[in-house]
1. Tabulate in residue order the Karplus-calculated ³J(HN,Hα) for the stretch 166-173, using 6.51 cos²θ - 1.76 cosθ + 1.60 with θ = phi - 60°, rounded to whole Hz; enter x for Gly and Pro.
2. Under 5 Å between amide H atoms, partner at least 5 residues away or on a different chain: which partners does Gly31 have, H built in plane at 1.01 Å?
3. Give me the percent of the accessible area of the stretch 37-94 that comes from carbon and sulfur atoms, probe 1.4 Å, all protein chains in place.
4. Roughly to the nearest percent, how much of the accessible area of the stretch 210-269 is carbon and sulfur, given a 1.4 Å probe?
5. DSSP beta bridges in the chain, what fraction antiparallel, as a percent rounded to 5?
6. I'd like to check one number: the per residue accessible area of the chain, probe 1.4 Å, reported in Å² as a whole number.
7. Are there any GluC sites (Glu not before Pro) in the stretch 75-107 that are in a DSSP loop and have at most 10 other Cβ atoms within 10 Å? List them by number.
8. At a 10 angstrom cut-off on C-beta neighbours, averaged per residue, how do the peptides 32-41, 165-174 rank from highest to lowest?
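The values are calculated or read from the model by the stated rules, or taken from the named source; none is laboratory data. Everything numeric here is computed off the predicted structure, so don't read it as measured data. Methodologically, a virtual Cβ is constructed for each residue, glycine included, from the backbone with ideal geometry; neighbour enumeration extends over all protein chains shown. When the accessible area is computed, the model is the full protein with side chains, heavy atoms only, and any ligands, DNA or RNA have been set aside. Shrake-Rupley method; radii C 1.70, N 1.55, O 1.52, S 1.80 Å.
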Amino acid sequence: MIDSHVHLNRAEFAEDRAQVMSAARETGVEGFLNVGYDPTTSRESIALAETHADVWASVGVHPHDALLLADAEGQLTAEGCEVLDELAELAASPTVVAFGEIGLDFYRDLSPRPAQRAALIAQLRLADRLGLPVIFHVRDAWEETLALVDEVGVPRARGVLHAFSGSAADVEWARERGFLLGIGGPVTYKNSDLPSRVVAAGCDLLLLETDAPWLPPVPHRGRRNESSYLAHTRDKVAELLDLDPGEVAARTSASFHGLFGTGPGSGMP
Ligand SMILES: [Zn+2]
């Protein structure tokens, strides 16, 4: 299986990153997509990918940091244009297979909504120009995000709705446009709507992810999440879809390689 969304660059892993990665490999994790969320973490993701054959990287600016690109009125700033140029340069690394995480977060609202919208639009256009699939981070803004993507234009290399928490209609939005759903620890939580979405989606619309160090699955809630816990999410998805866990692993890995162009013969590790 592949951990399609992880932040191994974080300080939470500074002490034991190598052990965390080898523990994950022992549970069957064959690859890690380390996701950037600002210029610094994008560079860190690339550095990790350059030094580990089973790590790929993404670059992008998270909605929480939208003010790096746009002002509170939703105008791109001169500094923001420089950041976009820098992201485009970083994306030229052969280790970079995706653009993100980008999106709208109206749950925490850590940056003004007009800035979030402007940052998303500019990065959607850049991802499309670079031909990279997009990793979306969306919280309490599903309707608005998906409408905006349709308005700006669906990126030609498609993408994934990371930490999916949308409606049944949003599942169909993804299916119709060739997007995948990132499923992580929350699928194991009590009172979650996610199991019914997984059943509606079916296995081939799904990617497995941890979002480590955040969102640990049951039975590890309250602790630092890590990629070795991905098996709990795989097993829950298998149970919901009445499939063998090995089949879920194989089919989600095939979907990952299809989306990000990382499979055997791609020239990627
Ligand atoms: Zn993330």
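1. Rounded to whole hertz, the list is x, 8, 4, 5, 5, 4, 5, 4.
2. Excluding prolines and chain starts, which carry no amide H, the hits are Asp3.
3. Working: 1410 of 2590 Å².
Roughly 54 percent of what the probe reaches on the stretch 37-94 is carbon or sulfur.
4. Numbers: 1450 of 2750 Å².
Reported share for carbon and sulfur atoms: 53 percent.
5. Values: 1 of 26 bridges.
Percent antiparallel among DSSP bridges in the chain is about 5.
6. Values: 11000 Å² over 269 residues.
Value returned for the chain: 41 Å² of accessible area per residue.
7. On the way: sites: Glu79, Glu82, Glu86, Glu89, Glu101; in loops: none.
Answer by residue number: there is no such site.
8. On the way: 32-41: 22.7, 165-174: 16.9.
Top of the packing list down: 32-41, 165-174.
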